[in-house]
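Have a look at the structure below, then the notes.
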Amino acid sequence: MSLSLNQRRFNMTPWLFLLPAMLMFAIYVLYPIVQSIALSFYEWDGLGDKVWVGWNNYVELFDDDNFWTSLKNNVIWLIFFMLAPVIGLAIALFLNQEVAGVRLAKSLFFFPFVISQVVVGLVFAWFYDPGFGLMGHLMSFVGIEPFSLLGEENTVTYAIIAAGLWPQIAYCMILYLTGLNSLNPEQIEAARLDNASGFKMLWYVILPQLRPATFIAIVVTVIGALRSFDLIAIMTDGGPYGSSSVLAYFMYEQSINNFRMGYGAAIATVLFMIMNIYIAFFLWRMLKAEER
């Protein structure tokens, strides 16, 4: 009986330590999510009484051209942001060696991650300016008439994505550098004894050990691509003509500028579901690979 009681106390110990964090998570994450989903079934201006409208917000949303434009831009963000883990891994492999000046190089590559997204947006807005920006001078140098990348509907989304990739690549690089520092040296030495080198060493020995870092890098990159807001608000304000808007900015515009909290909550719910489905699919794929 005494042993059973001690065992029960031992099993409860981890939960007691986790309890404060779980309470904070429930209050500041789970409750707002449930509240937002519930709000999406109401029409509310943020001040007056809430009016139950059922699925009307979602029906209107899927019939809104601006929603489909924002969703298309989010897909473009997602596709191009997947370059961040790949480029981050390549840079990490390059920097993970003992050569003169490598610490300075690491600091320079790390720098974009620690500066504010607002600063990144302003810097790239100046960079793209056709009048005094460096991009305008580069265009003139190669014989192209300078034009505003942020003022053209066909180029604005890609220009903002390029700005967003700069700090995202730095973050993925940090994750992979941490993973490279914790590689099992015995596995690497055994692979070298089997004459493994170059791409074979990377594919069969190093990358399998970097799966935790890869998972975190992809999940964070997906979340960053789907919730992109700062750069759009700073660089274009959703323009020109709403062509650079994404779901997060569209949600902000409807909720704050148009006082449609219920409609904005519906947009947030759709964005939340897309994010969850994508991450769950990737997690399932990774667990299947681990089983093999």
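The values are calculated or read from the model by the stated rules, or taken from the named source; none is laboratory data. If you're wondering where the values come from, they're calculated on a predicted model, not measured in any experiment. Using ideal geometry, Cβ is built from the backbone for each residue, glycine included, and neighbour counts are taken over all protein chains shown.
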Checklist entry - Does at least one position in region 219-232 carry a residue that is assigned to a helix (DSSP H, G or I) and over 27 Å from residue 149 (Cβ atoms)? => result yes
Next on the checklist: Suppose we keep only residues that are at pLDDT below 90 and of a type in the set (Ser, Thr, Tyr) within region 121-172. Which one would you say is nearest to residue 89 (Cα to Cα)?
Outcome noted: 148
Next on the checklist: Of everything in region 137-164, what is within 24 Å of residue 230 (Cα to Cα), among the small types (Gly, Ala, Ser) and in a helix (DSSP H, G or I)? Give them in sequence order.
Outcome noted: 151, 159, 162, 163, 164
Checklist entry - In this structure, is residue 85 in contact with a Ser or Thr (Cβ under 8 Å, 6 or more places away or on another chain) and not in a helix (DSSP H, G or I)? => result no
Checklist entry - Do you know which residues across region 252-292 are outside any helix (DSSP H, G or I) and either in contact with a Phe, Trp or Tyr (Cβ under 9 Å, 6 or more places away or on another chain) or on the phi > 0 side of the Ramachandran plot (or both)? => result 259, 260
Next on the checklist: Checking the condition over 26 Å from residue 73 (Cβ atoms) and either surrounded by fewer than 19 Cβ atoms within 10 Å (Cβ to Cβ) or in contact with a helix residue (DSSP H, G or I) (Cβ under 8 Å, 6 or more places away or on another chain) (or both), which residue from 198, 164, 242, 224 passes?
Outcome noted: 198
Item to check | Lone unmet requirement of (1) closer than 30 Å to residue 40 by Cβ; (2) of a type in the set (A, V, I, L, M, F, W, C); (3) crowded, with 16+ Cβ neighbours inside 10 Å for residue 256 | outcome: (3)
